[in-house]
Each structure stands twice: as C-alpha cells, then as structure tokens.
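Shown next, in structure tokens, is the structure this report addresses.
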Amino acid sequence: ERKPPKGTKYPPGPSRKPLIGNLLDIPATHSWLQFKKWSDQYNSKIFRMTLAGQEHYVLSSEKVANDLLRERGSIYSSRPLAPASAELLSKNLRPVLLPYNDTWRNGRKFMHSVTNAKVANQYHVTQELESTRMIAGLIKQPERYEHWFRVYSAGVIFRLAFGKKIETGDEDVLRRIDAVNHHLERVASPGAYLVDTFPILMKLPRFMAPFKKELEELHDQEHSLFRGLLEDVRDRMKTDSAPKCWERDFLEHQHELDLTNDEGAYVVGTLFEAGSGTTSAAMMSFMLAMVLHPMWFRMLQAEVDQVSTNRLPRIDDIPALPTVRAAVKEILRWHPVTSGGLPHVCTKDDIYEDFFIPAGTVVHPNQWAIHRDPELYPDPETYNPQRWLDPSFPTYKEPLSEYPNLHNYSNFGFGRRICPGQNIAERNMYLLAARIAWSVSISKAKDSAGKEITPPVYEYTAGFNSYPLPFRFDAKVRSAERQAIIDAELKREAESDPLNE
Ligand code: HEM
C-alpha cells in the first residue's frame, strides 16, 4: 500500500484481509445497498475498499461526484481495466467500456452529433408514433407491460439508428440485442470472471483458459449483429433506399470521423443496446410507483387532461406538464436504473479535501446513496414528486415551465462520460408517462379472494440496469372516446409513417 502524501490520508472503509482485501465482503448482487450502509456507518461521502490490491472508492454525494468526476474530468474519465467484458467480449470496441482514449473520443464525438439537444428535438415524430403503439398494446394486454416498454424503447432507437421498424416485438433482431445486453450485464458484473480480479490470468494459454473461448464466441455473436446492421444500411444506400439514420450518417461521414467499420458499428450498436434497456427499466419503475401511489397517478391525469382532452399529449406539451416531469424525475431518484453507477477511473494521483486518491483508483458514484442524501432529499425513501414542485423543498427550482428537468441529472452519470442519450431518454419518458396517464386508469390487481395485491416496493433485478421483477396491476382505457382517438391516431401515423416504402 502506498503511503499517502503528508497531510493526507486514505478514506475510511471496511477492514481488509491480507491479499484479497474486501473481496469477500461485497454482496454478489445489489451491492449498492451495502455500499449505502457503509457510507452511513463510516459517516463519510467517500469510503474505500480494496479488491485484490485494486483501490476502489465509493462516492455517496452528488457534490463530491461532481467535484471529482465533472470538475476534474481530465483525470477522472477513464474506465477500469476489464479483461472479460472490455477486451475479450468487446475486443476494445464498445465505447461505454473504453478507457479515455482516441477511439472513445472519436466515437463520443459522433454520438454527440446524433443525440445532442438540438437534434433530439427532431425525433418527436418517431417518439410519438412508437408511443401510440405502446399505449395501444398496453390497453390490449396490460399484463405484457414489460414487453410493450421494451418494444417502445428499442423501437424508437431502431428507427433512429438504422431507419427500420420493429413491427411485432418478436423480431429476431430484438431477440439478438436482448441476448447481447444480457451477456454484457452478466460478463461485466463484478466477480463474474476471475480474470477481472486477477488480470494476470490473461496470460494463460487458451487450452488452460476456457473463458477466453467462451467470451470470444460471444464476441462473434455481437460483432455479427452490429456489423450486419451496418452492412445492411450500406447496401440500402447503394440502392438509394436507406432513410436518414445514424448508421447512414456514420457511413457518409466516416472519412472525417477516424473510426473503422467495426468501431462505427459498435458506436451505433452501443447506442442501440444502451438506449433500449435503460428507458424500459425506468418505465417499469414508473408503473410500479403509479400502482403504489394512485394519488400521484390521478394528479398526472388531472394535469394532462388540462392540456388535452381531444387528442393524445405531444412532445410540445411538455413545458405545460411539470407534474409529469416531476413524477419521472422522482422515479429516477427513488429507484435509479443504474443504481450502482458506472465506474470511472482516476488517471493521476489526486487529493480531495484531505483524502489521497492514487492514480488507478476505480471511483464508483453510488447512485443509490447519492439519491438518498437526506440534506438534498428529505425523507429520501418516500416516492414524492412534490419535492420538485414545492418551494419548501431544497430541490425546487423555477420556472416550472422549465424545471424540473433531467438535464445533466446525476442519474445519467457525470462529467465527460455522462450519458449521451439523456436528451432522447428524457423525452421518451415524459411522453410515455403523459400518454399513459391520458389513456388508461390503473388499479391494483385482485387475488382470487378479491383482495388487492400490493406489489413489493423493492424487489428488483440484479444487473446494472435494475428494474422491478414482474408485478400485477389492472389497466383499462379511460373511455370509449379516448380509445377512438388512440385508434384514429394509430391509423393516421401508420399512413404517414416516414419509413413507409
Ligand atoms: C433512463 C434512461 C437512461 C439512463 C438512466 C442512463 C444512464 C446512464 C449512465 C449512468 C451512464 C454512465 C455515465 C458515466 O459513466 O458517468 C450512461 C452511459 C451511456 N449511455 Fe445512458 N442512460 C439512459 C438512456 C440512454 C439512451 C436512450 C442512450 C442512447 C440513445 C444511452 C446511451 C449511453 C451510452 C452510449 C453511454 C456510454 C457513455 C460513455 O461511456 O462515454 N443511454 N447512461
């Protein structure tokens, strides 16, 4: 262990065993819950763990996370060495796992060009069209809500990225992207592969390292998906039948971007994979909150009804819907999608207050704790959108036509690695929340004895995109008139679909 420079010290943290450090103390799943307990126990916004000699610092306050990851972004923007997920599975092509290098910079520049606030404004046709379909599905089969949210999130990105439609939700490409997401989550989860803890194992010859073969096979699967999508757009461009989409933008500007075909295929592919699972996870939490807090759902309904009774709410209604925005923002606070946060790596020795942060430290912004800081969020366990709408709360901000919003919200991460999809995600969620409130009434499901079933507040999946395990509720359209409006809108949109041949 390095000696901290004079006048500095290491942050507090759980006691460590020789060699392995805290390796055995970390729970296999939902580690963010234990990390929050430790930060409370050590009464410190930064605490320290070591895992087989590797320093890990966990941050539990938004201010500290911004001070380090944003304000000192030039030295806090890398990612951990991850032999299993970054090297073997992704062959150093997946932007989200890349260190702070030129390939990442070039990819990020392209991502920005297709996701910045100005261009995201132009995606409303796609979002409105897919959300009408989503609502129609939810009304027909509310018990398949997870399916409809997935189809919506993936459907929006699929159109934007590749200029193609998802029709049923049972398409092969969706099954394949789900598998890619699933493998990535599993392979990247801490402790899944010993080689991440002991990188020396990478030196083993292949016959002694079956994980190499397994992960390379998985790489081939995702590579063929991402590259296949790229080549499909290239082929359609030859016959002038490729609509404007991100993949086409990439191919048209590739010479200025300094990205190879594989790098470009992974940049667009990553937008697809990162954009699909996250939005749907957040919307599943939204449904859960609305079932648990019917009063809030009624308030959303009252607000959207004021804006429109004879048509579905639209993206340009959003400034008039502060309660909808507050309900969505509160979801991301209460049950963040990436509850453990995505780790950054510090690349140069640093000092914060009197803590020493050696180069190479992995820094985890623990969103679960950050969003439960009682100074910023009084009574943090309670789902309470009021904290964004009432001047007596520390998080209130005016004017309500603009705030609350999700711009640079800590939920999307920090600094130079902050989520590039935030503008798209934000509109996706507001629009869906508004349209669900406008279209359906929901209630708790009843068991065979007629007793209401209250879903558990926190029974969530364990991956880094965490969402509630399936729960039951009843949903039905609010009136025959509204059903007719939805049907008419579906028909109109199908006829004017920009992707019609
Ligand atoms: C509710 C929805 C979403 C949430 C909560 C979310 C959250 C996050 C978080 C926490 C990060 C890590 C930031 C950091 O390292 O500090 C991230 C990165 C990323 N997100 Fe999102 N995201 C969402 C939607 C999207 C969408 C719709 C897209 C694509 C259109 C997207 C694309 C990405 C990409 C490519 C990265 C990697 C950035 C990098 O490493 O440079 N995300 N997201």
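The values are calculated or read from the model by the stated rules, or taken from the named source; none is laboratory data. This structure is a prediction, so every number in the text was calculated from the model and none was measured. Cβ: placed from backbone, ideal geometry, glycine included. Neighbour counts: every protein chain shown. For the accessible areas, the whole protein counts, side chains as well, though only heavy atoms, and no ligand, DNA or RNA atoms are used. Shrake-Rupley method; radii C 1.70, N 1.55, O 1.52, S 1.80 Å.
What to note about this one:
- Looking only at residues in region 219-240 that are farther than 17 Å from ARG94 by Cα and in contact with a helix residue (DSSP H, G or I) (Cβ under 9 Å, 6 or more places away or on another chain), the one that is surrounded by the most Cβ atoms within 10 Å (Cβ to Cβ) is VAL233.
- The residue of region 62-100 that is nearest to VAL267 (Cα to Cα), among those that are more than 12 Å from the ligand (Cβ to nearest atom) and hydrophobic (A, V, I, L, M, F, W, C), is LEU93.
- Within region 262-277, residues that are closer than 23 Å to GLU146 by Cβ and part of a helix (DSSP H, G or I) have Cβ atoms under 6 Å from residues that are open to solvent by 10 Å² or more (accessible area, probe 1.4 Å) and polar (S, T, N, Q) in these pairs: GLU273/ASN181; GLY277/ASN181; GLY277/ASN465, counting only partners at least 6 apart in sequence or on another chain.
- Every pair of residues 6+ apart whose Cβ atoms lie under 9 Å, when the first sits in region 76-92 and is free of Cβ contacts under 8 Å to residues at least 40 places away in the same chain while the second is of a type in the set (Gly, Ala, Ser) and surrounded by 22 or more Cβ atoms within 10 Å (Cβ to Cβ): ALA86/ALA188; ASN92/ALA86
- Cβ separations smaller than 9 Å between residues 6+ apart or across chains give the following pairs from region 173-202 residues that are closer than 16 Å to LEU342 by Cα and open to solvent by 50 Å² or more (accessible area, probe 1.4 Å) to residues that are assigned to a loop (DSSP other than H, G, I, E, B) and modelled with pLDDT of 90 or more: PRO190/ILE26; PRO190/GLY340; GLY191/ILE26.
- Single condition GLY53 does not satisfy, out of (1) touching a residue at least 24 places away in the same chain (Cβ under 8 Å); (2) open to solvent by less than 50 Å² (accessible area, probe 1.4 Å): (2)
- Among the residues of region 83-91, not a single one is under 20 Å from the mean Cα position of the chain (by Cα) and surrounded by fewer than 21 Cβ atoms within 10 Å (Cβ to Cβ).
- When the test is whether a residue is over 23 Å from the mean Cα position of the chain (by Cα), assigned to a loop (DSSP other than H, G, I, E, B) and surrounded by 17 or more Cβ atoms within 10 Å (Cβ to Cβ), SER15 does not pass it.
- Check on GLN34, under 30 Å from VAL187 (Cβ atoms) and modelled with pLDDT of 95 or more: yes
- Scanning region 391-448 for residues being within 14 Å of the ligand (Cβ to nearest atom), over 20 Å from ASP317 (Cβ atoms) and part of a loop (DSSP other than H, G, I, E, B) gives a total of 8.
- Test: residue in region 284-303 that is away from the ligand (no atom under 16 Å from the Cβ), surrounded by fewer than 19 Cβ atoms within 10 Å (Cβ to Cβ), in contact (Cβ under 8 Å) with a residue 24 or more places away in the chain and of a type in the set (Asp, Glu): no
- Region 124-208 holds helices (runs of 4 or more DSSP H) entirely within its bounds, and those carrying 2 or more residues that are of a type in the set (Lys, Arg) and under 24 Å from LYS476 (Cβ atoms) map to 124-140.
- Residues that are touching a Leu at 6+ places or on another chain (Cβ under 8 Å) and surrounded by 22 or more Cβ atoms within 10 Å (Cβ to Cβ), drawn from region 119-130: GLN127
- Given (1) outside any helix (DSSP H, G or I); (2) within 16 Å of the ligand (Cβ to nearest atom), number of the condition SER241 does not satisfy: (2)
- Of everything listed in (1) over 27 Å from THR338 (Cβ atoms); (2) open to solvent by 10 Å² or more (accessible area, probe 1.4 Å), the single unmet condition for ALA445 is (2).
- Residue pairs whose Cβ atoms lie under 8 Å apart, sitting 6 or more positions apart in sequence or on different chains, and linking a residue in region 419-440 that is farther than 15 Å from SER153 by Cα and modelled with pLDDT of 95 or more to a partner that is aliphatic (A, V, I, L, M) and near the ligand (Cβ under 9 Å from one of its atoms), are CYS419/ALA274; CYS419/ALA425; PRO420/MET111; PRO420/LEU271.
- Checked against the criterion of being buried (at least 24 other Cβ atoms within 10 Å of the Cβ), among the small types (Gly, Ala, Ser) and within 13 Å of the ligand (Cβ to nearest atom), the candidates GLY269, GLY264 yield just one match: GLY269.
- Subset of region 459-469 (residues that are at pLDDT 95 or above and either surrounded by 15 or more Cβ atoms within 10 Å (Cβ to Cβ) or of a type in the set (Val, Ile, Thr) (or both)): TYR460, TYR467, PRO468
- Considering ARG133, ARG150, the condition of being over 27 Å from GLU216 (Cα atoms), open to solvent by 10 Å² or more (accessible area, probe 1.4 Å) and in contact with a Phe, Trp or Tyr (Cβ under 8 Å, 6 or more places away or on another chain) is satisfied by ARG133 alone.
- Matching residues in region 300-319 - criterion: being part of a helix (DSSP H, G or I) and more than 17 Å from MET429 (Cα to Cα): ALA302, ASP305, GLN306, VAL307
- Test result for SER392, among the polar types (S, T, N, Q), on the phi < 0 side of the Ramachandran plot and open to solvent by less than 20 Å² (accessible area, probe 1.4 Å): no
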